[in-house]
Amino acid sequence: MQDGLTFRALCAEHGIAVTHQRQVLYETMQGMHGHPSPEEVYASVKQRIPSISLATVYKNIHLFVQSGVLRELSMHHGTLRVEMNKDPHHHLVCSVCKRVTDVEHDELGFDRLGGDEPRMRLASGFVVERVSVDVIGVCSACQAQAN
């Protein structure tokens, strides 16, 4: 659970009603690696709740994102992807297989770029809420296949 919170406490903190479907959805996502799409989450949740619909999964993922329980990975990856990792980090995106991998901001050589610095205002007046860098390239698995 996020920061040791129980699911009930997490929902209370974010103003969400606790339901069995939401709890199963959240627990399933906690056990998934990477940045799952709603379709991937649906396939996993359906094993525990066969009657759940893809629309319900989408609706609840959007609720989790809107309430701050989850973060949307990026608005421009072509499909909704969500973050389970709350620590400041960035993403390596393979242009071949589309796999997204977390990378610590220190590993990219940035001094102060992270995910959760206090809000700052740029000279243009733009208020920064979070910094997220997508590094586009070819992963080692795709490089190995090309050789």
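The values are calculated or read from the model by the stated rules, or taken from the named source; none is laboratory data. Nothing here was measured: the structure is a model prediction, and the numbers come from that model. With ideal geometry, Cβ positions are generated from the backbone for all residues, glycine too; neighbour counts draw on all protein chains shown.
The table below gives the values:
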quantity	calculated
Count of segment 1-55 residues which are aliphatic (A, V, I, L, M) and not in a helix (DSSP H, G or I)	8
Residue within segment 70-86 that is in a loop (DSSP other than H, G, I, E, B) and at pLDDT 80 or above present	yes
Counted residues, segment 15-51 - those being surrounded by fewer than 16 Cβ atoms within 10 Å (Cβ to Cβ), among the basic types (Lys, Arg) and touching a residue at least 12 places away in the same chain (Cβ under 8 Å)	1
